[in-house]
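S.K.: Have a look at this one before I ask anything.
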Amino acid sequence: MEEQGDGLLQKQFEQLKEKLRKAGIFDAIHKKSFPPICHRLAIITSATGAAIQDVLITLKRRYPLMTLFIYPSQVQGKMAANTLVSAIEQANQDKKAEAILLVRGGGSLEDLWSFNEEIVAQAMFASKLPIV
């Protein structure tokens, strides 16, 4: 049984946010500047979901000259957090992009929990590239 109101995952999320806040991860001093005009963008998301199609259509319409590098990743399931971390690390190692767009589609908190895993937050913090 769980208390009525906020569920267990929401509580875990709030606890993780507090832990990361205390560690200074959210401090403004650590924010990376996004280039005024980004010419090369790494996109991390599922290669088969609707989210990637939405991003590609929007970027083609708004900035067709941008070079895109797609790093496919799982976005749901037990291995998703690890594949997100690997994709962030690979985009940094490749040094092709100026920034990273980390994309998830709609879904329940449970379905997209991998984006709330501490290892993903740590990989984002360690990234030399700014991440949106």
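S.K.: Report D54's accessible area, 1.4 Å probe, all protein chains in place, as a number in Å² to the nearest 10.
M.R.: 90 Å²
S.K.: Convert each backbone phi in region 106-121 into a coupling constant with the Karplus relation 6.51 cos²θ - 1.76 cosθ + 1.60 (shift: θ = phi - 60°), then list the ³J(HN,Hα) values in order as whole Hz, x for Gly and Pro.
M.R.: Residue by residue, region 106-121 yields x, x, 6, 4, 5, 4, 10, 4, 4, 6, 9, 6, 4, 5, 6, 4 Hz.
S.K.: Can you tell me, using C-alpha contacts under 8 Å and at least 6 residues apart, the relative contact order of region 21-96 as a whole percent? Kindly include the intermediate steps, with their values, before the conclusion.
M.R.: Working: 63 pairs, mean separation 23.7, N = 76.
The normalised contact order for region 21-96 reaches 31 percent.
S.K.: Here's something else I'd like to know. Using 17 Å as the cut-off for backbone N distance, which residues of region 47-85 belong to the label zone defined by a point 7 Å from the Cα of Q93 along Cα→Cβ?
M.R.: Residues 70-74, 82-85 qualify, since their backbone N sits under 17 Å from the label point.
S.K.: Quantify, in whole percent, the carbon and sulfur part of the accessible surface of the chain (1.4 Å probe; protein heavy atoms only). Don't jump to the answer; show the numbers that get you there.
M.R.: Working: 4750 of 8610 Å².
That share works out to 55 percent.
S.K.: Which order do you get for Y71, Y63 if you rank them by accessible area with a 1.4 Å probe, largest at the top?
M.R.: Y63, Y71
S.K.: Once amide H atoms are built 1.01 Å from N in the peptide plane, which residues 5 or more positions from Y71, or in another chain, come under 5 Å H to H?
M.R.: I43, I44, T45
S.K.: Just how much of M79 is accessible, in Å², when a 1.4 Å probe is used and the result is rounded to the nearest 10?
M.R.: Around 100 Å² of this residue is reachable by solvent.
S.K.: Over the chain, calculate the relative contact order: mean separation of alpha carbon pairs under 8 Å at least 6 apart, over the residue count, as a percent.
M.R.: Numbers: 169 pairs, mean separation 38.9, N = 132.
Relative contact order of the chain: 29 percent.
S.K.: Tell me, what ³J(HN,Hα) does each residue in region 74-86 have, in order and in whole Hz, if you take phi through Karplus 6.51 cos²θ - 1.76 cosθ + 1.60 with θ = phi - 60° and put x for Gly and Pro?
M.R.: Here the 3J(HN,Hα) series is 6, 10, 9, x, 5, 8, 4, 4, 5, 6, 5, 4, 4 Hz.
S.K.: Over the heavy atoms of F34, what accessible area does a 1.4 Å probe trace out, to the nearest 10 Å²?
M.R.: The accessible area of F34 comes to roughly 100 Å².
S.K.: Further question on the same structure: Defining a contact as two alpha carbons under 8 Å apart and six or more residues distant in sequence, what relative contact order in percent does region 34-78 show?
M.R.: Relative contact order, region 34-78: 56 percent.
S.K.: Taking region 84-125, which trypsin sites (Lys or Arg not before Pro) meet the DSSP loop condition and have no more than 16 other C-beta atoms within 10 Å? Please report the intermediate quantities before stating the final value.
M.R.: Values: sites: K95, K96, R104; in loops: K95, K96, R104.
Counting only loop positions with at most 16 other Cβ atoms within 10 Å, the trypsin sites (Lys or Arg not before Pro) in region 84-125 are K95, K96.
S.K.: Can you give the translational diffusion coefficient of region 41-130 in µm²/s, computed by Stokes-Einstein from the Kirkwood radius over Cα pairs at 25 °C and 0.890 mPa s?
M.R.: Values: Rh = 13.3 Å.
Estimated via Stokes-Einstein, D reaches 185 µm²/s.
The values are calculated or read from the model by the stated rules, or taken from the named source; none is laboratory data. Since the structure is predicted, the reported quantities are computational estimates derived from the model, not experimental observations. Here Cβ is always computed from backbone atoms with ideal geometry, including for glycine, and neighbour counts include all displayed protein chains. Note: accessible area is taken over every heavy atom of the protein model, side chains too, but ligands, DNA and RNA are not part of it. Shrake-Rupley method; radii C 1.70, N 1.55, O 1.52, S 1.80 Å.
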